[in-house]
Amino acid sequence: MTVLDARALNRATLARQSLLERGAATVPDAVAQLCGLQAQEPQEPFIGLWSRLAGFRPGQLDDALTGRQVVRTHLMRRTVHLVTAADALAWRPRHDAMLRQRVLSTYRRELAGVDPEEVAAAGRAVMADQQPRTMTELVRAVEDRWPGPPRRALGELLVAALVPMVQLPPRGLWQRKAGVRNLPLATWLDQDPDPEPEPAPAPMADGDPVGQHLVRRYLAAYGPAAGADLRAWCGLAGLPAAVKAVREELVSFRDERGRELLDLPDAPRPHPDTPAPVRFLPAFDNAILGYDDRSRIIDRPHLGLSVAGHRAVLVDGRVAATWTARDGRLRVSPLRPLTCAEQEAVHAEARELAAFLDEGIEDIRFDARN
């Protein structure tokens, strides 16, 4: 079985994530290709798309959000993701059990004795008037029936787990600060993601068709990858049946640790020596968080940066620096010494980023490590 080293996997990831060459896809198509973008921080998807799409303009994502082509909703790993409307409708039922379990385990004591089905029914009844509500407003409408749990626990159960919700614009629009107002996904898109009122059943003997779709889509955006990488991306543990069902469609490799990696046969796997341009990534970017083993793109001593909200700079395809932009200054903090040529390439891309951010950035500087 062919062994793919970290550099080969790195170039495959960059190719799938449109980080070797900016693409020409529309915003909805790009979001679909990436299987969504983490959007807990509302402005970060703009940076992620700018780094991946040629000529990307913020208004394109604004239009896709207000036009209901893409939505902000709790999905993979119980985090807010920007996904296409079609993927939200197709994938949400398959994530229901995971979302519920994660909230109930987080607030095990606070929600002891609370019947989730009763809470869900009450939440749907409140939202039946089709009026957007904050989490606090929704909790206030039902808390008389459940006076014990803290509002945060009851709100997370309702909004993040039991009732599929969308975070409405202007939340998530370019350079707009707005609180979270929720509306049921079915109301916003005028289509129910699940025809059955009960949570989606566990994978069946038919091989879990929605899970199969997730496997194929994940590999198209992140492969070659191991089963642990797939689980780390979506948060779903119950995908072995889906992997088994599609296995004959796939090709196999091994990484340097000996793990089996699966991939779509015709997916791009560029030569390891393919040049990789400098790219500025947002916080919690897909290319870093989409794996259990992130060593293909970030060195092990710096793994903590990937979950701490630091924005990253890719140099030769790997995380080589972090960056911030505030008070008219874009600051690059190298994680290793950069050569003169690398500094020049980073500075050139930083100038382009500063122009895109349109925040009056006039000073681009490197921290003293260099």
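The values are calculated or read from the model by the stated rules, or taken from the named source; none is laboratory data. Quantities reported herein were computed from a predicted structural model and do not represent experimental measurements. When we count neighbours, we look across all protein chains shown, and the Cβ atoms used for this are built from the backbone with ideal geometry, even at glycine. These accessible areas exclude ligands, DNA and RNA; they are computed on the full protein's heavy atoms, side chains included. Shrake-Rupley method; radii C 1.70, N 1.55, O 1.52, S 1.80 Å.
Of the residues making up segment 8-19, just one is open to solvent by 10 Å² or more (accessible area, probe 1.4 Å), under 18 Å from A312 (Cα atoms) and touching a residue at least 60 places away in the same chain (Cβ under 8 Å), namely A15.
Considering (1) over 27 Å from E342 (Cα atoms); (2) assigned to a helix (DSSP H, G or I); (3) in contact (Cβ under 8 Å) with a residue 24 or more places away in the chain; (4) open to solvent by 10 Å² or more (accessible area, probe 1.4 Å), the lone condition that V215 does not fulfil carries the number (4). Evaluation of P272 against the conditions (1) modelled with pLDDT of 95 or more; (2) in contact with a strand residue (DSSP E or B) (Cβ under 8 Å, 6 or more places away or on another chain) shows that the sole unmet condition is (2). In segment 22-36, the residues that are among the small types (G, A, S) reach residues that are exposed (fewer than 15 other Cβ atoms within 10 Å of the Cβ) and not in a helix (DSSP H, G or I) with C-beta atoms within less than 6 angstrom, at least six apart or across chains, in these pairs: A24/A54. Scanning segment 310-348 for residues being over 27 Å from H271 (Cα atoms) and small (G, A, S) gives a total of 3. None of S295, S306 is hydroxyl-bearing (S, T, Y), open to solvent by less than 20 Å² (accessible area, probe 1.4 Å) and under 22 Å from Q17 (Cα atoms) except S306. Residues in segment 44-74 that are over 21 Å from D358 (Cα atoms) and basic (K, R): R68, R72.
How many residues are touching a Gly at 6+ places or on another chain (Cβ under 7 Å) and under 26 Å from A178 (Cα atoms) if we restrict to segment 82-135? Of the residues in segment 82-135, 5 are touching a Gly at 6+ places or on another chain (Cβ under 7 Å) and under 26 Å from A178 (Cα atoms).
The residues in segment 20-42 that are open to solvent by 20 Å² or more (accessible area, probe 1.4 Å) and either assigned to a loop (DSSP other than H, G, I, E, B) or of a type in the set (V, I, T) (or both) can be counted, and the count is 9. Selection of segment 70-97 for residues being open to solvent by less than 10 Å² (accessible area, probe 1.4 Å) and under 18 Å from D285 (Cβ atoms) yields V70, R72, L75, M76, V80, H81, L82, V83.
One residue alone among R329, R300 is open to solvent by 20 Å² or more (accessible area, probe 1.4 Å) and out of contact with any helix residue (DSSP H, G or I) (no Cβ under 9 Å at 6 or more places or on another chain), and that residue is R329. Is it the case that some residue within segment 303-322 is assigned to a loop (DSSP other than H, G, I, E, B), more than 22 Å from Q40 (Cα to Cα) and without any contact (Cβ under 8 Å) to a residue 24 or more places away in the chain? Taking every residue of segment 303-322 in turn, none turns out to be assigned to a loop (DSSP other than H, G, I, E, B), more than 22 Å from Q40 (Cα to Cα) and without any contact (Cβ under 8 Å) to a residue 24 or more places away in the chain.
Considered as a group, the residues in segment 332-370 that are of a type in the set (D, E) and surrounded by 17 or more Cβ atoms within 10 Å (Cβ to Cβ) include one that is farthest from the chain's Cα centre (by Cα), and that residue is E342. Take R140 and decide whether it is touching a residue at least 60 places away in the same chain (Cβ under 8 Å), assigned to a helix (DSSP H, G or I) and surrounded by fewer than 18 Cβ atoms within 10 Å (Cβ to Cβ). Taking the combined requirement at face value, the residue does not satisfy it. Quick one: count up the residues across segment 347-370 that are part of a helix (DSSP H, G or I), out of contact with any Phe, Trp or Tyr (no Cβ under 8 Å at 6 or more places or on another chain) and of a type in the set (A, V, I, L, M, F, W, C). Selection size over segment 347-370: 4. When we screen R151, R133, R100, R145 for residues that are in contact with a helix residue (DSSP H, G or I) (Cβ under 8 Å, 6 or more places away or on another chain), within 26 Å of A242 (Cβ to Cβ) and open to solvent by 10 Å² or more (accessible area, probe 1.4 Å), the only hit is R100.
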